[in-house]
1. In the stretch 240-258, is there at least one residue being among the basic types (Lys, Arg) and buried (at least 20 other Cβ atoms within 10 Å of the Cβ)?
2. Within 31 Å of the chain's Cα centre (by Cα) and open to solvent by 10 Å² or more (accessible area, probe 1.4 Å), is that true of Pro510?
3. Out of all the residues in the stretch 110-130, which are more than 19 Å from Arg73 (Cβ to Cβ) and either under 35 Å from the mean Cα position of the chain (by Cα) or open to solvent by less than 20 Å² (accessible area, probe 1.4 Å) (or both)?
4. Would you list the helices (runs of 4 or more DSSP H) that sit entirely within the stretch 381-461 and hold 1 or more residues that are among the hydroxyl-bearing types (Ser, Thr, Tyr), within 16 Å of the ligand (Cβ to nearest atom) and within 20 Å of Pro557 (Cβ to Cβ)?
5. Right, Val397: at pLDDT 95 or above and β-branched (Val, Ile, Thr) or not?
6. Among the residues of the stretch 559-581, is there at least one that is open to solvent by 60 Å² or more (accessible area, probe 1.4 Å), of a type in the set (A, V, I, L, M), not in a helix (DSSP H, G or I) and not assigned by TED's automatic domain parsing to the domain that holds Ile101?
7. With the requirement that a residue be open to solvent by less than 50 Å² (accessible area, probe 1.4 Å), part of a loop (DSSP other than H, G, I, E, B) and without any contact (Cβ under 8 Å) to a residue 60 or more places away in the chain, what does the stretch 197-239 give you?
8. Quick test for you: out of Ile445, Ile395, pick the one residue that is in contact (Cβ under 8 Å) with a residue 12 or more places away in the chain, under 29 Å from Leu575 (Cα atoms), out of contact with any Lys or Arg (no Cβ under 8 Å at 6 or more places or on another chain) and among the aliphatic types (A, V, I, L, M).
Amino acid sequence: MCGIVAYTGPRDAVPILTEGLARLEYRGYDSAGIAVVGRSEDLRVRKTEGRVAELTASLPARFKGSTGIGHTRWATHGEPSDENAHPHVAGGVAVVHNGIIENADELRAKLEADGVVLTSETDSEVLPHLIARSSAEELEDAVREALSQIVGTYGIAVVDTRHPGVLVVARNGSPVVIGIGEKEMFAASDVAALVRYTRQVVHLDDGELATLRADGFRTSTLDARATSKEPSVIETEEAAYDAEGYTHFMRKEIHEQPAAVERALRGRLDGRFHTAHLGGLDLDPREARAIRRVKILGCGSAYYAGQVGAQLIEELARIPADAEPASEFRYRNPVVEADTLYIAVSQSGETYDTLAAVQELRRKGGRVLGVVNAVGSAIGRECDGGVYLHAGPEIAVASTKAWTSTAVVFALLALHLGRIHDLSPADGRRIADGLRALPGQIEEILRQEDRIAALAGDLARYRSMLFVGRVRGWPVAREGAQKLKEVSYVHAEAYPASELKHGPLALVNPDLPTVAIVPDDELLDKNRSTLGEIRARQGRVVTIGHRGPGEDAIVVPKSEPELDAILLTIPLQLLAYHAAVALGHDVDKPRNLAKSVTVD
Ligand code: G6P
């Protein structure tokens, strides 16, 4: 998704902007550009369709300036092209914009009626024109005036040659973080672009603007009331944003899972009462007992992890629970009940649909907890309480460690709620021990990588694959299919194994292999007969379960049955990754996808 970087200070902004943009590449983009205010207070702009490296290489040596903005664009209005790339310019004003301006057509028509010539097809181009036409003395006021005409979402950064050394940034629905340096200031849409330069950051809230000068910043609301912000410190090491010797971030993040799970568990298991403590929950036992239903919301992989969570809560706490795509929930005028606990799941904490679902719930008086990875993100701040994953930054578009850590956090929450309800101390201990064993068991699965890679290389020749699982295996099958299609572009369809006979069996033939999730649980026999039906129709079956050996069997260590989904998913991540590598795809930045979808 689009990325923003901005700088003002004594240094040349250009290398800071291009390096920052490179750090944001992981979010997905199709074009890039920068604008700086040069020494003679002139505006220098360079933008291009394609990669940040091409943009950097195309910059002449004299392209310098100490205040500037940069952008990576993910096309929404208008195809990827040099003209549609940001920054957009009017006179001495340059703007980069994330988000969508909903009344752009109307604003474009008005500007054109006034004789303005617009050169791009974007919604964003109206912004510099509106700002340039303002007669306000301060750039901040000109930006405020322009934004008052905008309907939609934005994160923006603005420079103006009439105000050299000044940067204005604003946020409404699209993240903006200010980075505080020594006599220099930064801003970005994501801390990944800032960690190299500073650890002190301030997250803007929706409806806030900030003016940045080398020696400081001030924030205010859209209606010009000053706000005061406390800086927070980025805890993550800069190295976490590097691939550190791995060929891809996705592989690095798959291998980080034992450590990520340990961090998700750290300090949260109580050996005395065989329960879990989750500091951010803000839910006393009486409130927890009053919960009659749990509804989990998220998008993509976060939704599938939420489905695992719903099963865990229902199994361990015996509270009815289900998961639903946040993107659907927000549009269907849901019934919101006071005794339902709503939980929003998001790695980035910025997914627009999930954030909108949270806001809709809060408006209706619902109680919402967040299960979020990115500290300080919008969803984390919007919720009534919640649990951080502490998985560390996830850079690859396809989620791996955040998925696993989310499932682990749900197991902790289910244990906590279960022990308040009817889960016995013995079962509490069993689950806690099962959780403690996970990091070592994940290591065991990762040691099978070569075998799984060989199998993936073989499977990559098929054009389509079926993933099936029953009950606990069903969200695993869905996540496995999601991973495969995201990174390898092999068509993959997930079905509950129990539904096979009601449709997908018609597809089974020697060219359609099935990946079946078959844990050694009470449904093993049922699953076996399903696999028999597939094999009887010459369908190849690859099993992920607890029994082998066999060329097409991947065996994972046995966990507690309720926790099986967590371990069964790890081989599917490796399968997707190695299939994508075998097919020569850009694993970390799959086509058409973005790491976090911050637009409607
Ligand atoms: C995008 C990504 C998915 C991700 C989903 C939710 O669609 O491509 O990989 O699962 O967003 O992201 P979130 O940050 O909310 O977990």
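1. From the stretch 240-258, those among the basic types (Lys, Arg) are 251-252; that's our starting set.
Add one more test, that the residue is buried (at least 20 other Cβ atoms within 10 Å of the Cβ), and what stays is 251-252.
Yes - at least one qualifying residue is present in the stretch 240-258.
2. Working: within 31 Å of the chain's Cα centre (by Cα): no; open to solvent by 10 Å² or more (accessible area, probe 1.4 Å): yes.
Taking the combined requirement at face value, the residue does not satisfy it.
3. At the first step, the residues of the stretch 110-130 found to be more than 19 Å from Arg73 (Cβ to Cβ) are 110-117, 130.
Residues satisfying the conditions are Leu111, Leu130.
4. On the way: elements: 401-420, 425-446, 449-459.
Ranges flagged: 401-420.
5. Numbers: at pLDDT 95 or above: no; β-branched (Val, Ile, Thr): yes.
Judged against the criteria, Val397 is not a match.
6. If we filter the stretch 559-581 for residues that are open to solvent by 60 Å² or more (accessible area, probe 1.4 Å), which is where we start, we get 581.
Still in the running and of a type in the set (A, V, I, L, M): 581.
From what's left, not in a helix (DSSP H, G or I): none.
Scanning the stretch 559-581 turns up no residue that is open to solvent by 60 Å² or more (accessible area, probe 1.4 Å), of a type in the set (A, V, I, L, M), not in a helix (DSSP H, G or I) and not assigned by TED's automatic domain parsing to the domain that holds Ile101.
7. Thr198, Leu204, Gly207, Lys229, Ile234
8. Within the list Ile445, Ile395, the selection yields Ile445.
The values are calculated or read from the model by the stated rules, or taken from the named source; none is laboratory data. Being a predicted model, the structure only gives us computed values, none of them experimental. Positions of Cβ are backbone-derived with ideal geometry, glycine not excepted, and every protein chain shown enters the neighbour counts. Please note that ligands, DNA and RNA were not included when accessible areas were found on the heavy atoms of the full protein model with its side chains. Shrake-Rupley method; radii C 1.70, N 1.55, O 1.52, S 1.80 Å.
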